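S.K.: Before we start, here is the structure in question, set down as structure tokens.
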Amino acid sequence: MTSLSLEPMFDSIVVAIAAAIAVLTVLWIVTPPTTSPQQRWILFALRSLAALVLLLAAFRPTLVRSDRRPADASLIVAIDSSRSMTLSDGRGNDRWSQQRKAYSDLISGLISLDETLSIKVLTYDSKTRLIESPSPESLEGIVPDGELTDLEVAATASIEAAGGQPIAGIVMMGDGTQTATAQGGGPLGVAQTLNSIGIPLWTIPIGPSGDVSTSRDVVIESLPESFSLYAGNQVEIPFSVSTRGLAGISVPIELTWIAQDGRKVVAAQRNVLPEKALDSVAVSIPTTTPPPGSYRLVVEAKAQNGELITTNNLQIAFVDVREGGGRILYFEGQPRLEQKYLRRSLAQFPDLDITYQWIPRDTSPSWPIDFAPQLKRGRFDAFILGDLDASALGDAQLQLLSERVAEGAGLVTLGGYHAYEPGGYATSPLAEVLPIKLDTSIPRALVVGSDSLIADDSNPGQVTNEIAIQIAKPHLLTRLLGDDDTRTWLSLPPQLGANRFTHPKIAPGVEVLLESPDKNPLLVIGEYGRGRTAAIAFDSTWRWWPAGQNEIHRRFWRQLILWLLNRDTTAEDTIALQMDTRRFPTTAVSEFQASLPYADEATLDVLWVAELIDESGASKSLETIIQDGGNRVTGRVVDIAPGLYRLRVSDGAPTSKIAPAEIGFQVVDQSRELEQPIADPVYLKQLAEVTSSHGGAAFEPDDMSLLIDEIAKRRRRAEVPVIEKLRLGDGPISGWIVFLLFAGAMTSEWILRRKWSLP
């Protein structure tokens, strides 16, 4: 509505009228001093114009316009930018695409709705970011990569985004799944705060809804992250298959070997039939190991119709397949320091797999212990027999052991009070296998439960004083670190005792390699059938470790085992490389260490280089820490993207003869955002209903027109009276017009009087 009114100066109409009378009186009395009627009327008109302008300024006519308009306010739109928005929306697209369309429809309708409504848009995950100059295209170029969703942070930031301006409402889009740890009162607490101050919350659930038990999912779990296997062996691959919503539906499972060059071979196929809606089935599939090399073993379940997440349908294990044997079975009757350090040394080598079997003496009433499964053909490639009485295994199983050696397995016997003759082996089937002759006249040692045997320390088959070791014949097995093997052996701590060997057998391949200073044999090697044997009289090589000769200890025992396995080629040093874990999430750290099996003067100047190689072949250097005088290096793999990688450690020297080592590993994406494929629209509806008394409600993504109508309706309810006054002289334009008219009229009148020579 528009009206015209007067607002005179000093807010007094009396003063304005008095001023008008005074101006008119002066105008009437003071006439132009000229006798020319024309000049008189021109001057009178100019004076009248000036007087009229003065009167208008005094009465100040005002144009008053009254209207009702919505008050200025902010509307906040919060957009979910977490990684869960990359999941399926249940309609064939991802949730981010569905959210972008809903946002574009909403903003397009709001921009032309109300000029007094300030629209502010922010994205949220675990943090929030404000979008400058919101438009329907604002979400283009934004990648939903947030690791967590925090609805509480989103709601709190929406209130702060208004900057103190009244809030018309908050629109929150997203899948409604809270993955971040709630702080304070959580999202519900913020919704209650909005309700208390009269702000409506409108939510727009994005993504498929449904009960968790009705959604479909297949997960491969519990597959060991790595295997060390041997070519041509039969091996069981254990894992589990967890299913959801697939009761009674057969799920195909496939095992695939992937070589380093990318070649794929399907190893086995099976079907798993879940019995319940939520089920977990333990599976073990036998397969034959491929030729030597490094492989990835992929266990994959075929994607099922209706699955929203398929990245968990497979797991990868890293497999190192080695040539020939390397599986060692160690029988021991006395848990001495020797077995501890022997196992520690052999465990340093990934190509040797040692199984330790301790048979306590106090179990003698139940001897022989059944080890027939362990003594089956092909189960183990070498055997170590420690300080163990022959009765613990019995003649039948010792005969099996003899057959395994004849077929090609290796056997090494150690010294001890219950070894060789004192252990009863002189009359056992193993006597024929050993490279030494056993004296049947030497009495047995005392065994628990038997009073007819003599005590340990009085056995004539033992040498109880310290014994130095010297080389009887140079051989691959007598080579140690350094240039002078003879001096090296003599420098080692002496043995605390030894078994007394009568004499070695006279047969092809039998040799005495080590002896005592008085020429008693200490290490005798030989052959039996297709296998190799070694008889060691002593059992105190553990003393080399405390003396700082652990590298010599490792070299001696590795050389002996490789010789027994017919793999005694040591022309080239290799690097032993290990990682703490070979399948780990992006948030974890995996440490690695690399070392040389042998350290001598030629290898102490190794220039360690560690590289990380991704699937594309691009490499990246890793920081390392050199230890043990340069013989060992450690490092960490941290903060890398999900994917398959290879870790390579090499010497780095251009002319190095040390072969590099390389192992594969996987960095997996275990984001909590991607673990839950189902959206939670119920939770968003509950948050909106908290503010229902102020108009809060939930809307479907396709119903943005309904939300726009609701916002428009609330804006009309928020209208307030607005009065606008256009008063003469208040603005710069009208003020200048009044001034110019008055000044122009008076100036013109003065110029004309000068021109006409009037006073």
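S.K.: Give me the residue from the range 311-320 that is buried (at least 16 other Cβ atoms within 10 Å of the Cβ) and not acidic (Asp, Glu) and, out of that set, farthest from Glu675 (Cα to Cα).
M.R.: Val319
S.K.: Those residues that are assigned to a strand (DSSP E or B) and either open to solvent by 40 Å² or more (accessible area, probe 1.4 Å) or modelled with pLDDT under 90 (or both), I need them from the range 244-254; list them, please.
M.R.: Arg244, Pro252, Glu254
S.K.: Exactly one of (1) open to solvent by 50 Å² or more (accessible area, probe 1.4 Å); (2) modelled with pLDDT under 95 is unmet by Gly324. Its number?
M.R.: Unmet condition: (1).
S.K.: Given the condition over 12 Å from Leu329 (Cα atoms), touching a Leu at 6+ places or on another chain (Cβ under 6 Å) and either among the hydroxyl-bearing types (Ser, Thr, Tyr) or open to solvent by 10 Å² or more (accessible area, probe 1.4 Å) (or both), answer yes or no: does some residue in the range 369-389 qualify?
M.R.: The answer is no, given that none of the residues of the range 369-389 is over 12 Å from Leu329 (Cα atoms), touching a Leu at 6+ places or on another chain (Cβ under 6 Å) and either among the hydroxyl-bearing types (Ser, Thr, Tyr) or open to solvent by 10 Å² or more (accessible area, probe 1.4 Å) (or both).
S.K.: Separate question: Taking the range 469-516 as the search range and keeping residues that are charged (D, E, K, R) and not in a loop (DSSP other than H, G, I, E, B), which one is nearest to Arg336 (Cα to Cα)?
M.R.: Top of the filtered list is Glu515.
S.K.: Here is a follow-up. If a residue counts only when it is at pLDDT 90 or above and either more than 41 Å from the chain's Cα centre (by Cα) or not polar (S, T, N, Q) (or both), which strands (runs of 3 or more DSSP E) contained entirely in the range 529-612 have at least 3 such residues?
M.R.: The qualifying strands (runs of 3 or more DSSP E) are 531-536, 589-595.
S.K.: Now, a different point. From the list Val667, Val637, exactly one residue is touching a Ser or Thr at 6+ places or on another chain (Cβ under 7 Å), within 30 Å of Gly306 (Cα to Cα), at pLDDT 90 or above and outside any helix (DSSP H, G or I). Which is it?
M.R.: One residue alone meets the criteria, Val667.
S.K.: Next question. What's the number of the only condition in (1) open to solvent by less than 10 Å² (accessible area, probe 1.4 Å); (2) in contact with a strand residue (DSSP E or B) (Cβ under 6 Å, 6 or more places away or on another chain); (3) modelled with pLDDT under 95; (4) outside any loop (DSSP other than H, G, I, E, B) that Thr149 fails to meet?
M.R.: (4)
S.K.: Is there a residue being within 25 Å of Gly664 (Cβ to Cβ) and out of contact with any Gly (no Cβ under 9 Å at 6 or more places or on another chain) anywhere in the range 331-345?
M.R.: Within the range 331-345 (the criterion being within 25 Å of Gly664 (Cβ to Cβ) and out of contact with any Gly (no Cβ under 9 Å at 6 or more places or on another chain)), the answer is no, since none of the residues qualifies.
S.K.: Within the range 121-146, take every residue that is within 30 Å of Gly184 (Cβ to Cβ) and among the acidic types (Asp, Glu) and give me the one that is least open to solvent (accessible area, probe 1.4 Å).
M.R.: Here the residue is Asp125.
S.K.: I'm checking my understanding of the structure. Among residues of the range 670-695 that are outside any helix (DSSP H, G or I) and within 19 Å of Gly198 (Cβ to Cβ), which one is most open to solvent (accessible area, probe 1.4 Å)?
M.R.: Gly695
S.K.: Whether any residue in the range 260-271 is in contact (Cβ under 8 Å) with a residue 24 or more places away in the chain and in a loop (DSSP other than H, G, I, E, B) is what I want to check.
M.R.: Yes, some residue in the range 260-271 is in contact (Cβ under 8 Å) with a residue 24 or more places away in the chain and in a loop (DSSP other than H, G, I, E, B).
S.K.: Which residues, counting only those in the range 191-243, are among the charged types (D, E, K, R), more than 29 Å from Thr149 (Cα to Cα) and either at pLDDT 95 or above or not in a strand (DSSP E or B) (or both)?
M.R.: Of everything in the range 191-243, just one residue is among the charged types (D, E, K, R), more than 29 Å from Thr149 (Cα to Cα) and either at pLDDT 95 or above or not in a strand (DSSP E or B) (or both), namely Glu225.
S.K.: Give all pairs with beta carbons closer than 9 Å in which a residue from the range 699-714 that is within 9 Å of Leu106 (Cα to Cα) meets a residue that is assigned to a loop (DSSP other than H, G, I, E, B) and open to solvent by 50 Å² or more (accessible area, probe 1.4 Å); count only pairs at least 6 apart in sequence or on separate chains.
M.R.: Cβ pairs passing all conditions: Ile708/Leu113.
S.K.: Checking the conditions here, which among Lys505, Lys519 is open to solvent by 20 Å² or more (accessible area, probe 1.4 Å) and within 19 Å of Leu414 (Cβ to Cβ)?
M.R.: That would be Lys505, the only listed residue that is open to solvent by 20 Å² or more (accessible area, probe 1.4 Å) and within 19 Å of Leu414 (Cβ to Cβ).
S.K.: Can I ask one more? Any idea which residue in the range 339-384 is nearest to the chain's Cα centre (by Cα), counting only those that are among the aromatic types (Phe, Trp, Tyr) and under 30 Å from Ile575 (Cβ atoms)?
M.R.: Result: Phe349.
S.K.: When Ile613 is evaluated against the numbered criteria (1) surrounded by fewer than 16 Cβ atoms within 10 Å (Cβ to Cβ); (2) under 17 Å from Pro660 (Cβ atoms); (3) among the β-branched types (Val, Ile, Thr), which criterion, by number, is the only one it fails?
M.R.: So the condition that Ile613 fails would be (1).
S.K.: Can you tell me which residue is surrounded by the most Cβ atoms within 10 Å (Cβ to Cβ) among those in the range 82-98 that are of a type outside the set (D, E, K, R) and in a helix (DSSP H, G or I)?
M.R.: Ser84
S.K.: While we're here: Quick test for you: out of Ile309, Ile328, pick the one residue that is among the hydrophobic types (A, V, I, L, M, F, W, C), closer than 30 Å to Leu647 by Cα and in contact with a Pro (Cβ under 7 Å, 6 or more places away or on another chain).
M.R.: It is Ile309.
S.K.: While we're here: Among the listed residues Leu562, Leu577, identify the single one that is open to solvent by less than 40 Å² (accessible area, probe 1.4 Å), within 30 Å of Arg646 (Cβ to Cβ) and without any contact (Cβ under 8 Å) to a residue 24 or more places away in the chain.
M.R.: Leu562
Per-residue answers, yes or no, for (1) touching a Gly at 6+ places or on another chain (Cβ under 9 Å); (2) open to solvent by 40 Å² or more (accessible area, probe 1.4 Å); (3) modelled with pLDDT under 80:
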residue: Pro37; (1), (2), (3): no, yes, no
residue: Ile42; (1), (2), (3): no, yes, no
residue: Leu49; (1), (2), (3): yes, yes, no
residue: Arg60; (1), (2), (3): yes, yes, yes
residue: Pro70; (1), (2), (3): no, no, yes
residue: Asp80; (1), (2), (3): yes, no, no
residue: Arg100; (1), (2), (3): no, yes, no
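S.K.: Sticking with this one: Considering each of Thr488, Thr478 in turn, give the residue that is under 21 Å from Gly526 (Cβ atoms), under 51 Å from the mean Cα position of the chain (by Cα) and at pLDDT 85 or above.
M.R.: Thr478
S.K.: I've got another one for you. Considering only the range 172-187, I want to know if a residue exists there that is over 29 Å from the mean Cα position of the chain (by Cα) and not polar (S, T, N, Q).
M.R.: yes
S.K.: Test Arg632 against the stated conditions and say whether it is free of Cβ contacts under 8 Å to residues at least 60 places away in the same chain and over 17 Å from Ser621 (Cβ atoms).
M.R.: yes
S.K.: Say we look at the range 102-120 and pick out the residues that are open to solvent by 20 Å² or more (accessible area, probe 1.4 Å), modelled with pLDDT of 90 or more and not in a strand (DSSP E or B); which of these is farthest from Asp145 (Cα to Cα)?
M.R.: Gly109
S.K.: Would you check which residues across the range 255-281 are more than 24 Å from the chain's Cα centre (by Cα), of a type outside the set (Lys, Arg), open to solvent by 100 Å² or more (accessible area, probe 1.4 Å) and within 15 Å of Phe318 (Cα to Cα) and list them?
M.R.: Asp261
S.K.: In the range 13-35, what residues are more than 19 Å from Ala745 (Cβ to Cβ) and either touching a strand residue (DSSP E or B) at 6+ places or on another chain (Cβ under 9 Å) or open to solvent by less than 30 Å² (accessible area, probe 1.4 Å) (or both)?
M.R.: Ile13, Ala16
S.K.: Right, next: I'd like to verify a number: residues in the range 225-247 that are out of contact with any Pro (no Cβ under 7 Å at 6 or more places or on another chain) and farther than 21 Å from Arg582 by Cβ, how many?
M.R.: Adding up the residues that qualify gives 5.
The values are calculated or read from the model by the stated rules, or taken from the named source; none is laboratory data. No experiment lies behind these values; they were computed from the predicted model shown. For neighbour counting, all protein chains shown are included, and Cβ atoms are generated from backbone atoms with ideal geometry for every residue, glycine included. Calculation scope for accessible area: heavy atoms of the full protein, side chains included, ligands and nucleic acids excluded. Shrake-Rupley method; radii C 1.70, N 1.55, O 1.52, S 1.80 Å.
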